[in-house]
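Read the structure below first, then the notes.
Only the coordinates and a few stated rules stand behind these numbers; no lab work does. Since the structure is predicted, the reported quantities are computational estimates derived from the model, not experimental observations. Ideal geometry is used to build each Cβ from the backbone, glycine not excepted, and the neighbour counts take in all protein chains shown.
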Amino acid sequence: MALKEIQHGSNEYRKMVQLRFDILRKPLGLSFTEEELAKEKEDILVAAFEDDDILGCCMLTRVDGETVRLRQMAVQNNIQGKGVGASLMNFAENIARDRGFRKLVMHARKAAMGFYEKQGYQAEGPEFLEVTIPHYRMYKMLK
């Protein structure tokens with residue numbers, strides 16, 4: 001498995017958008033707008049590949065000089081629980097740390113909270129709805 005930063009608009013990026021659609025949006029009856037995808041040009045785009053097949057992905061969006069937000073974490077359904085997500089998280093955290101960020105935050109789906117807690121994230125604040133489902137704000141200080 002190869003973990004890498006990918007470029008917006010590339011063939012790898014198109015695979016990333018398709019994976020995110022299949023895993024995160026389609027089950028909720030949602031899609032992406034052109035405006036949403038255009039905003040991702042400023043994000044750090046991270047993906048795991050096996051040859052040309054995308055296994056998982058996530059992105060980091062700058063909040064301020066010290067904080068970055070993890071967004072759109074997705075792993076192929078048939079390989080969830082096999083370490084791809086944990087590897088992606090570790091890789092993304094290292095990129096964030098290398099770029100001077102000290103805190104990583106996210107809006108985690110309630111169903112995924114256990115995964116993020118295992119990675120050292122803590123919930124803060126009340127449950128809220130986002131994209132029609134329950135989420136929690138979570139964070140981790142990067143050392």
| If one computes the Cα centroid of segment 41-110 and of segment 17-37, what distance in Å separates the two points? | 17
| task | Could you work out which residue, out of MET113, MET16, MET73, moves most in a Gaussian network model of the chain, that is, has the largest mean-square fluctuation with Cα springs under 10 Å? | result | MET113
| note | Scoring the chain by relative contact order with C-alpha pairs under 8 Å, at least six apart, yields a percentage of 19
| field | Distance (nanometres) between label positions extended 7 Å along Cα→Cβ at GLU42 and ALA112 | value | 2.2
| query | What 222 nm value per residue comes from the helices of the chain, counting each DSSP H run with n ≥ 4 as -39,500 (n - 2.57) and dividing by all residues, nearest 500 deg cm²/dmol? | reply | -7500 deg cm²/dmol
| remark: For ILE6, other-chain or 5+-apart residues with amide H closer than 5 Å (H placed, Pro excluded) are LEU45, VAL46, ALA47
| query | Around GLY120, with a cut-off of 11 angstrom between Cβ atoms, what is the net charge of the other residues, counting Lys and Arg +1 and Asp and Glu -1? | reply | +1
| query | Quick one: putting +1 on the C-beta of Lys and Arg, -1 on the C-beta of Asp and Glu, what dipole do you get for the chain around its Cα centre, in Debye to the nearest 20? | reply | 400
| ³J(HN,Hα), Karplus 6.51/-1.76/1.60, whole Hz, each residue of segment 65-80, x for Gly, Pro | x, 10, 10, 10, 10, 7, 9, 6, 6, 8, 10, 3, 3, 6, 10, 5
| request: Send over the Kirkwood Rh of the chain, from the inverse of the averaged 1/r over different Cα pairs, rounded to one decimal Å. | output: 15.4
